[in-house]
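Trainee: My questions will all concern the structure given below.
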Amino acid sequence: MLITAPSNAAVDTLLEKLVLVLPSSYDRPTVIRLGRVGGDTHDKERADRQYLQAYELDSMVERRIEAFRRDRANRGNTESDGYLRKQFEQELLMKARVIVSTLVTSANTQVTSFLNQGTQVPVVIVDEATQCTEPQCLIPLCVKPSLMVLVGDSHQLAATIQNPAVDRMGYGVSLFERLERSGFPKLSLHGQYRMSPAICAWPNDCVYGSMLINSKRVCLPCFRSVFAQSAVPPYAFVNVEVRLRVLAEA
């Protein structure tokens with residue numbers, strides 16, 4: 001299975017969740033990440049994310065090459081590091097249950113070389129599919145999957161288009177949204193696990209047609225964590241203009 005997303009940050013979040021439910025070992029890695037953890041963020045060296053680097057394909061390959069060279073039985077081996085790299089890449093990708101990458105990286109040479117061996121990736125999942133352009137969403141089709149699943153919310157952020165002209169021509173419409181507008185069948189998830197019911201009320205009434213259902217988790221007092229024992233409300237309106245005027249007069 002290949003799971004992709006538009007940005008490295010989104011892929012890292014997916015990787016965090018996957019390694020919790022799919023434990024890996026040195027001999028049989030279950031989850032492999034193509035590309036670098038934190039590849040497009042300003043906090044590449046975040047201590048709480050460094051453990052994810054162990055799941056990078058390049059890191060796994062480097063460790064195996066080093067172990068191969070240290071093994072006395074292989075001291076007479078004349079294979080180059082480049083040859084060993086390709087061999088280990090193929091072996092690791094073959095053993096993995098899930099490969100995660102950005103949309104663009106899903107068509108890199110490691111993947112195409114892997115597919116040239118006659119291997120097929122049966123399922124592709126595109127997360128945050130409404131936040132990428134249609135051409136981006138088509139890139140993972142290079143693995144020739146039997147099933148492609150688009151996950152997203154057309155009511156939330158769309159892809160960022162810098163050129164107003166191409167935006168007006170419809171380039172900013174995602175494949176997810178185009179299929180949705182065409183009446184393509186979709187599965188809607190109604191349970192929400194992220195917002196306080198008070199915060200959820202407005203988007204539920206004005207955007208989602210009262211289809212959202214608050215989970216038991218968000219209704220618990222402890223859901224507000226640090227604010228649970230305080231008088232801080234779920235949201236508040238502050239008249240900034242008045243406060244600024246008072247500060248200026250002071």
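The values are calculated or read from the model by the stated rules, or taken from the named source; none is laboratory data. Just so you know, these numbers come straight off a predicted model, no measurement behind them. Every residue, glycine among them, receives a Cβ derived from its backbone with ideal geometry; neighbour counts consider all protein chains shown. We work out accessible area using only protein heavy atoms, side chains counted, and drop any ligands, DNA or RNA first. Shrake-Rupley method; radii C 1.70, N 1.55, O 1.52, S 1.80 Å.
Trainee: In whole percent, how big is the carbon plus sulfur part of the accessible area of the stretch 67-220, probe 1.4 Å, protein atoms only?
Mentor: On the stretch 67-220, the fraction of accessible area on carbon and sulfur atoms equals 55 percent.
Trainee: Enumerate the calculated ³J(HN,Hα) couplings along the stretch 4-10 in order (Karplus 6.51 cos²θ - 1.76 cosθ + 1.60, θ = phi - 60°), each rounded to whole Hz, writing x wherever the residue is Gly or Pro.
Mentor: Running phi through 6.51 cos²θ - 1.76 cosθ + 1.60 with θ = phi - 60° gives 10, 7, x, 10, 5, 4, 5 Hz.
Trainee: May I pose another question? So what is the accessible area of the chain per residue, in Å², with the probe set to 1.4 Å?
Mentor: Here the per-residue accessible area is 64 Å².
Trainee: I've got another one for you. In what sequence, highest mean first, do 10-20, 196-206 appear when ranked by Cβ atoms within 10 angstrom?
Mentor: Highest-to-lowest ranking by the protection proxy: 10-20, 196-206.
Trainee: Placing +1 at every Lys and Arg Cβ and -1 at every Asp and Glu Cβ, with all other atoms neutral, what dipole size does the chain have around its Cα centre, in debye to the nearest 20? Numbers along the way, then the final one.
Mentor: Numbers: 28 positive and 26 negative charges, 118 e Å.
Using only the charged Cβ atoms, the result is roughly 560 debye.
Trainee: Report the calculated FRET efficiency for Ala231 and Asp153 (r = Cβ-Cβ distance, R0 = 41 Å), to the nearest 0.05.
Mentor: Details: r = 33 Å, r/R0 = 0.79.
Calculated transfer efficiency: 0.80.
Trainee: Another question, then. Between Phe88, Gln50, Leu212, whose Cα lies farthest towards the positive end of the dipole of the chain when Lys and Arg beta carbons carry +1 and Asp and Glu beta carbons carry -1, centred on the Cα centre?
Mentor: Towards the positive end, the residue furthest out is Phe88.
Trainee: Per q in 0.10, 0.15 1/Å, what log10 I(q)/I(0) does a Debye calculation on the alpha-carbon atoms of the chain return?
Mentor: Debye intensities relative to I(0), on a log10 scale: -0.68, -1.20.
Trainee: Hey, another quick one. Pull out the extension gain between Ser146 and Leu115, defined as 0.36 nm times the separation in residues minus the alpha carbon to alpha carbon distance; nm, one decimal. Numbers along the way, then the final one.
Mentor: On the way: separation 31, 0.36 × 31 = 11.16 nm, distance 1.42 nm.
Stretched out fully, the Ser146 to Leu115 stretch lengthens by 9.7 nm.
Trainee: Could you point to the residue in Phe184, Ala67, Gln156 farthest towards the positive end of the chain's charge dipole, with +1 and -1 charges on the Cβ of Lys/Arg and Asp/Glu respectively?
Mentor: Result: Ala67, furthest along the dipole toward the positive end.
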